[in-house]
Amino acid sequence: MVRENIMERLRVEESLVEQTGFNPYYIEINSGLENRLLAKGQSFINLASNNYLGLAADERVKEAAIRAVEKYGVSLCGTPIATGYIDLYKKLEQELSSFIGLEDAIILPSCYQANNGLFLALARKEDLIIVDRNAHSSLIQGIKAVGCKIRPFLHNNLEHLAGILQRSHKYRQVFVVTESVFSTDGTIAPLKAIIDLCEEYQALPIVDDSHGLGVLGSGGRGILEEQQIPDFPGIYTASLGKALANAGGVVGGRKELIKYLKYYCPHLVYSTALPPAVLGGLEAVLDIIKTEFPLIKKRLYLYKQLINEALIEADFSVIPSKAPINSLNTGSKENTFLVAKRLYEEGILATPFIEPAVPIKQGRVRLIAGANLSQGTIEEAIAIIEGLGQQ
Ligand SMILES: Cc1ncc(COP(=O)(O)O)c(C=O)c1O
């Protein structure tokens with residue numbers, strides 16, 4: 001066989017950027033997530049980050065991170081199974097696990113790794129994985145890596161899911177995978193009903209609560225609190241880089257499961273442990289959520305509502321959602337870029353999603369207003385959106 005030069009094959013398709021005169025990706029950021037964000041040296045209203053509670057640049061969180069660095073240095077230069085498992089790590093796992101309402105939990109360097117490693121550690125070729133068709137790339141890639149039978153079910157559609165489960169008896173193990181709050185649309189899974197179906201057909205539910213943890217429930221404890229699921233029988237994952245304003249991915253569930261993953265999940269065993277600054281910061285965020293969540297939540301949902309009303313008034317097609325996410329249905333890739341570009345030109349940073357992150361021709365532009373933004377900033381954002389509506 002004639003070998004080809006791989007470098008000649010690696011071309012990024014840039015026609016969309018040429019066509020729209022805008023590249024919304026890898027924008028250089030020059031500040032932290034303050035009330036205003038500096039990007040390419042310009043000040044923006046930031047509606048693009050997952051900083052729901054607005055704690056990423058909170059002074060108390062920064063101080064906790066600095067204290068952790070002073071005590072432990074910047075890295076333990078080891079994986080958790082080796083020298084990376086400092087007391088702060090263990091304490092945080094215990095605190096997170098009881099905060100969310102899990103029997104036990106472990107922390108990986110990211111939720112992407114968690115969602116990948118999970119399937120590699122637990123599933124085999126003779127299994128079936130049933131997954132909501134809108135599930136996040138990290139889940140899909142992890143599932144595909146197993147090489148087993150995969151059946152997508154229609155988004156949040158219990159009837160379709162039940163139909164697939166009814167025909168699943170020949171498999172050794174069946175997993176049912178969903179997000180809690182779907183990241184691109186803000187729709188929320190009927191998790192309790194999914195668990196009931198799993199019980200009926202002896203399947204194992206897996207939920208990714210990345211956009212629910214620190215957001216849903218009366219105490220910010222996520223989907224299990226929101227839907228009153230006290231004894232979750234499945235596997236729980238969540239990113240710590242969204243409302244919890246840091247980095248890392250938690251995996252939770254029964255004690256035996258967590259013990260098994262501690263030794264057999266390669267993405268945990270062979271990857272350097274999260275650094276002390278991250279662990280210290282996360283502890284401080286948990287403390288803040290435990291005491292201040294009702295107040296922060298009020299602001300977060302008020303901002304969502306105000307922006308939602310402005311978007312609807314301005315004739316944008318907004319996906320109905322109970323989560324603090326406003327997602328615009330922008331259709332084609334071109335239109336998705338153009339909507340993000342208009343917002344950008346007016347000083348608003350938002351997140352455009354095109355395929356493969358969303359199904360073809362179902363582009364989205366997502367806006368999340370963190371609770372740290374001032375009332376004045378939100379009013380400015382609303383005025384900009386109203387102005388766009390008039391054009
Ligand atoms: C639903 C969902 N799961 C997992 C991830 C990955 O999380 P992390 O950034 O911690 O790797 C994301 C991040 O975009 C997400 O939205």
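No value in this document is a laboratory result; all are computed from the given coordinates. From a predicted model like this one, the values you see are computed outputs, not experimental measurements. Glycine also receives a Cβ, built like all others from the backbone with ideal geometry; neighbour counts cover every protein chain displayed.
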Potential lengthening between Gln19 and Gln173 on full extension [0.36 nm per residue; Cα-Cα distance subtracted]: 50.7 nm
Amide H within-cut-off set for Ala39, under 5 Å, with H built and near neighbours excluded: Asn30, Phe44
Of Leu191, Pro80, Ser98, farthest towards positive along the dipole that unit charges on Lys, Arg, Asp, Glu beta carbons give the range 76-274: Pro80
Met7, Met1 arranged by Cβ crowding within 10 Å, fewest neighbours leading: Met1, Met7
Given 10 as the ceiling on other Cβ atoms within 10 Å, longest exposed-site-free region of the chain for GluC sites (Glu not before Pro) in DSSP loops: 29-391
Spatially proximal lysines relative to Lys71 (Cα-Cα < 20 Å; intrachain offsets below 8 disregarded): Lys62, Lys90, Lys91
Computed magnitude of the charge dipole of the range 266-317 (debye, nearest 20; Cβ of K, R +1, Cβ of D, E -1): 160 debye
Nearest-20 debye value, the chain charge dipole, Cβ charges on Lys, Arg, Asp, Glu: 1000 debye
Straight-distance crosslink candidates among aspartates and glutamates, where the alpha carbon sits under 15 Å from Lys341 and sequence neighbours closer than 8 are dropped: Glu18
Inter-site label distance for Cys77 and Asn5 at 7 Å from Cα along Cβ, in nm: 4.0 nm
Listed residues Gly212, Gly101, Gly248, most fluctuating in the chain (Gaussian network, C-alpha, under 10 Å): Gly101
Principal axis dimensions, largest first and in whole angstrom, of the chain by Cα: 58, 54, 52
The range 14-31-the range 44-77 distance, computed between alpha-carbon centres (Å): 27 Å
The range 241-348 - convex hull of the alpha-carbon atoms, volume per residue in Å³: 199 Å³
Chain lengthening between Lys290 and Arg60 when straightened (0.36 nm per residue, less Cα-Cα): 81.4 nm
Charge sum, other residues only, whose C-beta stays under 13 Å from Gln42's C-beta, Lys/Arg counted +1 and Asp/Glu -1: -1
Virtual spin-label span in nm between Lys255 and Ala193, 7 Å along Cα→Cβ: 3.5 nm
Table column - 3J(HN,Hα) (Hz), the range 28-35, Karplus curve with 6.51, -1.76, 1.60, x for Gly and Pro: 6, 9, 10, 8, x, 7, 8, 4
Check: the range 76-274 dipole with +1 on Lys, Arg Cβ and -1 on Asp, Glu Cβ, in debye: 700 debye
Among Gln19, Ile229, Val176 the positive-end extreme of the charge dipole of the chain (Cβ point charges): Val176
Cβ-Cβ FRET estimate between Lys149 and Lys262, R0 fixed at 25 Å, reported to 0.05: 0.35
